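Colleague: The structure is given below, and queries will be raised subsequently.
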Amino acid sequence: MSLSEVDFLHYNSHILIPEIGDVGQEKFNNATVMIIGLGGLGCPVAAYLAASGIGRIGLCDFDSVEKTNLQRQLLFSENDINKPKVQVIKKQIGKINKRILVDAHNKKFQDLMVDADYDIFIDCTDNMDTKLFINDFCYRAKKKLITGSATRLEGQIIGFDFEKNSKCCLECIFDKSGASQFNCSDLGILVSLLGMMGCLQVTMTLNMILGNFKKHGIVSRFDSFESQWIELKPSNKVNCPICDLLKQEGSKFVQHK
Ligand SMILES: [Zn+2]
């Protein structure tokens with residue numbers, strides 16, 4: 001779909017950037033992106049994907065809004081308590097940009113997979129098993145995946161383009177022994193860090209859509225206390241149950257319990 005005169009005005013901030021222009025903005029408008037997990041990361045991700053003009057946004061979460069969410073999940077207010085998160089966010093981001101389509105899936109990603117027809121998947125969950133499940137799915141379906149997490153004073157983001165690169169996946173990088181390390185409710189989180197990491201997930205998404213992504217499997221970690229970034233190179237785990245086994249045996253889906 002090409003841009004109308006009204007769209008040109010609306011997306012002027014992007015169109016003025018030579019690396020994006022009207023051609024890049026059209027790519028954003030034609031892209032489909034799924035957000036899994038609508039918490040502290042999912043809220044800024046949904047808001048900025050909508051503002052960027054992503055044509056179709058999928059929202060996947062089975063939770064309802066709770067009072068304890070309000071400090072860090074900025075698309076929700078007191079009036080939304082007990083309402084399904086997908087329903088509230090669909091309404092909120094529709095106000096940010098009425099040109100986009102939003103699909104609300106009030107269920108677990110594990111129950112949605114057969115319908116998950118999107119270009120890019122953004123993992124904003126705080127649960128290790130779900131993260132690894134999404135990793136399995138994206139690897140098998142050769143999709144692009146951006147996974148983010150943040151706890152206490154540290155955030156991290158990793159992107160994978162499984163369409164172009166089958167070396168290294170999330171399973172290679174994460175140690176299962178740290179299964180609860182992403183849970184903000186138990187460990188605490190600096191709320192501004194969630195906004196920062198969520199916006200980085202969106203920026204990486206836009207770069208992927210523009211065809212400007214070169215960081216497959218690189219872990220970018222930010223220590224907010226020291227104001228310091230570190231980058232860890234991708235590592236292929238020997239006998240990784242996802243990317244190593246699939247390379248040897250063809251398409252075989254490994255399900256996490
Ligand atoms: Zn792997």
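All of the numbers you see were taken from the coordinates with simple rules; none came from a lab. Predicted model, so just to flag it, every value in this text is computed and none were measured. Here the Cβ positions follow ideal geometry from the backbone for every residue, glycine too, while neighbour counts run over all protein chains shown.
Colleague: Run the numbers on the chain and let me know its relative contact order in percent, using alpha-carbon pairs under 8 Å that are six or more apart. Display every interim value, and only then the final one.
Modeller: Numbers: 490 pairs, mean separation 46.9, N = 257.
For the chain, the relative contact order is 18 percent.
Colleague: For the chain, list the DSSP H helices whose alpha carbon atoms reach 27 Å or more along the long axis and whose average Kyte-Doolittle value is -0.5 or above? Before the final figure, lay out the partial values.
Modeller: Numbers: long enough: 191-210 (29 Å, 1.60).
Those that clear 27 Å and a mean of -0.5 are 191-210.
Colleague: Sticking with the crude label model, points 7 Å out along Cα→Cβ, report the distance from Glu163 to Arg99 in nm, one decimal please.
Modeller: Placing both labels 7 Å beyond Cα along the Cβ direction yields 2.2 nm.
Colleague: With only Lys, Arg, Asp and Glu charged, each at its Cβ (+1 for the first two, -1 for the last two), find how big the charge dipole of region 31-249 is about the Cα centre; round to the nearest 20 debye. Write out the running numbers ahead of the final one.
Modeller: Numbers: 27 positive and 25 negative charges, 125 e Å.
With only Lys, Arg, Asp and Glu charged at Cβ, the dipole is about 600 debye.
Colleague: Using modelled backbone amide H atoms (1.01 Å from N, in-plane), which distant-in-sequence or interchain residues come within less than 5 Å of Ile189's amide H?
Modeller: Counting only residues 5 or more places away or on other chains, the set is Arg152.
Colleague: Can you pull the one-decimal nm distance between simple spin-label points at Leu187 and Lys233, each 7 Å off the Cα toward Cβ?
Modeller: Distance between the two pseudo-spin positions: 2.6 nm.
Colleague: Also: Assuming 1.002 mPa s and 20 °C, estimate D for region 31-249 with Stokes-Einstein, Rh taken as the Kirkwood radius over Cα pairs, in µm²/s.
Modeller: Working: Rh = 17.4 Å.
So the translational diffusion coefficient is about 123 µm²/s.
Colleague: With springs connecting C-alpha atoms under 10 Å apart, model the chain as a Gaussian network and identify which of His14, His216, His105 has the largest mean-square fluctuation.
Modeller: His14
Colleague: Using DSSP to call loops (not H, G, I, E or B), can you name the trypsin sites (Lys or Arg not before Pro) in region 197-234 whose Cβ has at most 13 other Cβ atoms within 10 angstrom? Walk me through the numbers before you get to the answer.
Modeller: Working: sites: Lys214, Lys215, Arg221; in loops: Lys214, Lys215.
Loop-located and lightly packed - Lys214.
Colleague: In nm, what is the difference between 0.36 nm times the number of residues separating Ile17 and Asn127 and their Cα-Cα distance?
Modeller: Details: separation 110, 0.36 × 110 = 39.60 nm, distance 3.70 nm.
Net length gain for the segment: 35.9 nm.
Colleague: Expressed in nm to one decimal, what extension gain is obtained for the pair Ser77 and Arg221 from 0.36 nm per residue of sequence separation less their Cα-Cα distance? Walk me through the intermediate numbers first.
Modeller: Values: separation 144, 0.36 × 144 = 51.84 nm, distance 3.02 nm.
Gain on extension, Ser77 to Arg221, equals 48.8 nm.
Colleague: Right, next: Restricting to the chain, compute how many DSSP beta bridges are antiparallel as a %, nearest 5.
Modeller: Numbers: 19 of 39 bridges.
For the chain, the DSSP antiparallel bridge percentage is about 50.
Colleague: May I ask for the longest run of the chain untouched by GluC sites (Glu not before Pro) that are loop-located per DSSP and have at most 13 neighbouring C-beta atoms (other than their own) within 10 Å? Display every interim value, and only then the final one.
Modeller: Details: sites that count: Glu19, Glu163, Glu226.
Longest site-free region, per DSSP loop and neighbour criteria: 20-162.
Colleague: Looking at the chain as a GNM with Cα springs under 10 Å, which of Gly198, Gly55, Gly21 has the largest mean-square fluctuation?
Modeller: Checking each option, the largest mean-square fluctuation is seen for Gly21.
Colleague: What number, rounded to the nearest 500 deg cm²/dmol, is the helix-based mean residue ellipticity at 222 nm of the chain, given -39500 (n - 2.57) per DSSP H run of at least four residues and division by all its residues?
Modeller: On the way: 10 runs with 92 residues, N = 257.
After summing the helix terms and dividing by residue count, I get -10000 deg cm²/dmol.
Colleague: Hey, if you put +1 on the Cβ of every Lys and Arg and -1 on every Asp and Glu Cβ in the chain, which of Ile15, Leu170, Ala50 ends up farthest toward the positive end of that dipole?
Modeller: Leu170
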